[in-house]
Amino acid sequence: MKFIGIVGTNSDRSTNRKLLHFMKAHFADKAEIEVCEIKSLPAFNEPKDKTPPSTVKELSDKIENADGVIIATPEYDHSITAALKSAIEWLSYTTCPLINKCVMIVGASHGSLGSSRAQAHLRQILDAPELKARIMPSSEFLLGHSLQAFDENGDLIYHDKVKELDECFDEFILFVTLTNELLKKAKFNTEQNKKFSWKQAAEEGAL
């Protein structure tokens, strides 16, 4: 399987980046994980022609061609970062690659809660009509005290958390397999969903 791992911050010192790189190495025998950055993406500015910048298009294409997406989000002020929100807005406004795409959410934080509120907020965002991602249910991976969680080789040293991550990742592989198979059988019209707009919905509702 091929997954895209999105670092949900533009920070150079992110432990969420470390978490994704650990997952890439740790699960190399189960899946290929390409870690993608959002640091080079411009701030969302709602272009009239809905044409994404080249960096956004590159990320979108990678998501489109992947079996699933893993988003590692920190927590800033009880929510996701402005950089991650901007990246998602680019994707939802232009190419819509997350529609019907399986998504696993993980998160690391310096404190004890492991980005729990940010993860909950991200689930709400990804459920928006313009996104319609298939989010893995009933599963959270919360890595607290992340500054001390990795050794000099980038390995996660909390053995209980490694075991928990193993279980979550196995569930995600199963979730992706079953969901993608069901989507094929159900023949969901992804292209039609990508053309959704609130303006059109409002106009049709007024008729």
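The values are calculated or read from the model by the stated rules, or taken from the named source; none is laboratory data. The structure presented is a predicted model; accordingly, all values stated were derived computationally and were not measured. A quick note on method: Cβ atoms are made from the backbone with ideal geometry, for glycine too, and the neighbour counts reach across all protein chains shown. Quick note on the areas: whole protein, heavy atoms, side chains included, nothing else; ligands and nucleic acids left out. Shrake-Rupley method; radii C 1.70, N 1.55, O 1.52, S 1.80 Å.
Just a few scattered comments:
- Among 147-155, 60-68, the order from most to least packed when residues are scored by Cβ within 10 Å on average: 60-68, 147-155
- Zone residues, the range 81-123, relative to residue 183, backbone N less than 14 Å from point 7 Å out along Cα-to-Cβ: 96-104
- Amide H partners (placed H, <5 Å) of residue 35, local residues excluded: 5
- Solvent-accessible area, 1.4 Å probe, carbon plus sulfur percent, for the chain: 52
- Residue-averaged 222 nm ellipticity for the chain, from DSSP H runs of 4+ at -39500 (n - 2.57), nearest 500: -13500 deg cm²/dmol
- Surface exposure of the chain, expressed per residue as accessible area with a 1.4 Å probe, stands at 53 Å².
- Qualifying aspartates and glutamates (Cα of each under 17 Å from Cα of residue 85; at least 8 residues distant if same chain): 37, 46, 75, 77, 127, 130
- Listed residue pairs exceeding 30 Å between alpha carbons, taken from 39/184; 18/185; 57/132; 48/184: 39/184; 18/185; 48/184
- Each residue, residue 30 and residue 159, gets one label point 7 Å from its Cα in the Cβ direction; the gap between the two is 1.9 nm.
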